[in-house]
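**Q** Here you go, one structure.
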Amino acid sequence: MHGLLVFAIAIIVGTSCTNYRKMVYFTDLENVKQASLMSSPQDNTDRIILKNEVLSVHITSPTPDENVYKFFNVPNDHKMGRDEGVAGYQVDSEGFIVLPLIGAVKAAGLTRQQLRQNILKEIDDKRLLLNAMVDVRFSSYEITILGEVAKPSVISVGREKITLLKALGSAGDITPFGNRSNVMVIREVDGKKNVTRLNLGSSTFLQSPYYYLQPNDVVYVETTNNRAASVDRTRLIIGPVLSAISVLVLVIDRLR
């Protein structure tokens with residue numbers, strides 16, 4: 001009787017298992033030389049500033065004046081999707097941020113260093129501050145993870161960068177039924193939605209420009225055909241197996 005139960009459980013588990021190799025990341029890594037992995041994709045801290053994101057801008061001087069902090073560094077709070085206040089200046093639909101005393105400064109399409117230089121130029125041209133120093137940083141943003149992950153969710157990134165792998169980890173990782181060889185990333189570029197499909201089973205992803213995610217990226221993990229097939233097989237087998245076990249239990253009980 002014990003052997004029969006073990007056999008039944010083995011059948012059920014076997015019918016619901018997916019291909020193990022399809023559940024593994026970077027399956028070709030053992031064939032890749034370590035030197036080829038040394039080059040990494042562009043760090044997100046050097047990326048181009050996008051419209052609608054929030055920037056932290058801090059202006060100071062070697063000879064600090066109370067007015068510097070009073071007028072240049074006025075806190076600006078913007079609401080994210082979860083009603084969390086984020087201090088900073090939002091890039092408007094035209095690509096500008098509006099700074100106290102300085103006015104509108106072009107931000108979208110520039111790097112942080114380029115924006116910093118533009119702000120310094122505005123300060124110098126308007127003679128607002130002597131020997132000014134400007135620090136520009138990216139504030140919090142959101143990433144959406146959908147599909148075959150353990151916890152589909154909107155992730156608030158409180159740091160300047162996040163990798164696709166870390167974002168998937170925050171969502172509980174891809175389920176056994178997720179298609180790791182066809183992960184979709186939807187990214188808005190110049191007002192247009194671009195769709196890119198990534199193979200996380202290949203080590204080439206480590207050099208992909210999508211290794212680091214950007215604000216408002218949407219990651220969608222497709223379902224493999226194994227899920228539907230597994231569910232169908234399990235439904236077909238589990239009923240008869242359990243029925244047979246029930247009959248055998250009754251027969252053995254009667255024989256006793």
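The values are calculated or read from the model by the stated rules, or taken from the named source; none is laboratory data. These figures come from a predicted structure and were not determined experimentally. Please note: Cβ atoms are built from the backbone with ideal geometry, for glycine as well, and neighbour counts cover all protein chains shown.
**Q** Out of the residues in segment 125-146 that are among the acidic types (Asp, Glu) and part of a strand (DSSP E or B), which is surrounded by the most Cβ atoms within 10 Å (Cβ to Cβ)?
**A** Ranking the qualifying residues of segment 125-146, first place goes to 142.
**Q** For the condition more than 26 Å from residue 51 (Cα to Cα) and surrounded by 18 or more Cβ atoms within 10 Å (Cβ to Cβ), what is the one hit in 225, 179?
**A** Only one candidate qualifies: 179.
**Q** Also, I was wondering about something else. Are there any pairs, at least 6 apart or on different chains, whose C-beta atoms fall under 7 Å, with the first in segment 108-125 and in the same structural domain as residue 91 (by TED's automatic domain parsing) and the second of a type in the set (Lys, Arg) and assigned to a loop (DSSP other than H, G, I, E, B), and if so, which?
**A** Listed pairs, sorted by first residue: 108/51.
**Q** Okay, moving on. Just give me the residues in segment 194-213 being under 30 Å from residue 90 (Cβ atoms) and at pLDDT below 90, in sequence order.
**A** 208, 209
**Q** Residue by residue through segment 129-156, note down the ones that are among the hydrophobic types (A, V, I, L, M, F, W, C) and without any contact (Cβ under 8 Å) to a residue 24 or more places away in the chain.
**A** Result: 155, single match.
**Q** One residue is enough: does segment 187-205 have a residue meeting the conditions in contact (Cβ under 8 Å) with a residue 24 or more places away in the chain and in contact with a Gly (Cβ under 7 Å, 6 or more places away or on another chain)?
**A** No, segment 187-205 contains no residue that is in contact (Cβ under 8 Å) with a residue 24 or more places away in the chain and in contact with a Gly (Cβ under 7 Å, 6 or more places away or on another chain).
**Q** Now for a different question. Just for segment 121-177: of the residues that are under 20 Å from residue 46 (Cβ atoms) and hydroxyl-bearing (Ser, Thr, Tyr), which one is modelled with the highest pLDDT?
**A** Per the stated criteria, the residue is 163.
**Q** Among the residues that make up segment 105-120, is at least one of them modelled with pLDDT under 90 and surrounded by 14 or more Cβ atoms within 10 Å (Cβ to Cβ)?
**A** no
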